[in-house]
Amino acid sequence: MEKKRSIINLFDIIVIILAAAVAVLLFVARGAKDNESTLTVAPTIELRYTIELAEVLEETASDIKVGDTLYDSENSAVLGTITAVEITERTRKTVVEETGEVKLAPVPGYKTVIVSLVGSALDGEREMKADGLTNIRVGRGIAVRGPGYYASGNVIGIERGE
């Protein structure tokens, strides 16, 4: 008499269980995304803030103009439009060897550029996000990109609009 083989073996059962587990995980993940979409979105406000761009090449400093739109170099979020530009000498603390005195000395070829921006941001309870992506906080380091230039610096002032 011939022995009949089972149509389903142990390997098939394992594959079916794994497929069912993946289907359940996808269903749960999709349900979590649906729940997130029902959360309230923070209101958008006008945000005025100032960034100090340190050690900007002289040639680059002269390219930064009022009216330029600045973007975050990391995620391409719109940071805002430049409303004011102040260019000053870049200085560093140095020690005068003869006297041991600490003085500020200019750094040749570099400038410090202070830019004031106005843009929109999501106003959360703990943080503001320019273009919904970039956290804006005093002291935060930020790399910016404008038309034809890149620079980095720190946020040095924030003024919330209504």
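The values are calculated or read from the model by the stated rules, or taken from the named source; none is laboratory data. Note that the coordinates shown come from a computational prediction; the quantities given were computed from them, not determined experimentally. Note that each Cβ is placed from the backbone with ideal geometry, even for glycine, and that neighbours are counted across all protein chains shown.
For region 120-132, the candidate set comprises residues that are assigned to a loop (DSSP other than H, G, I, E, B) and of a type outside the set (Gly, Ala, Ser); within that set, the residue that is nearest to residue 53 (Cα to Cα) is 131. Of all residues in region 60-119, those satisfying the criterion of being of a type in the set (A, V, I, L, M, F, W, C), in a strand (DSSP E or B) and closer than 22 Å to residue 134 by Cβ are 70, 78, 79, 82, 84, 85, 113, 114, 115, 117, 118.
Condition check ((1) polar (S, T, N, Q); (2) more than 17 Å from residue 154 (Cα to Cα); (3) at pLDDT 95 or above) across all residues:
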position	(1), (2), (3)
32	no, yes, no
35	yes, yes, no
46	no, yes, no
51	no, no, yes
66	no, yes, yes
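Does region 109-120 contain any residue that is at pLDDT 90 or above, surrounded by fewer than 13 Cβ atoms within 10 Å (Cβ to Cβ), over 17 Å from the mean Cα position of the chain (by Cα) and over 23 Å from residue 67 (Cβ atoms)? Yes - at least one qualifying residue is present in region 109-120. Taking the criterion of being of a type in the set (Ser, Thr, Tyr) and either touching a residue at least 40 places away in the same chain (Cβ under 8 Å) or surrounded by 18 or more Cβ atoms within 10 Å (Cβ to Cβ) (or both), the residues of region 57-75 that qualify are 60, 69, 71, 73. I'd like to know if region 78-85 contains one or more residues that are closer than 16 Å to residue 57 by Cβ and modelled with pLDDT of 95 or more. Yes, region 78-85 has at least one match.
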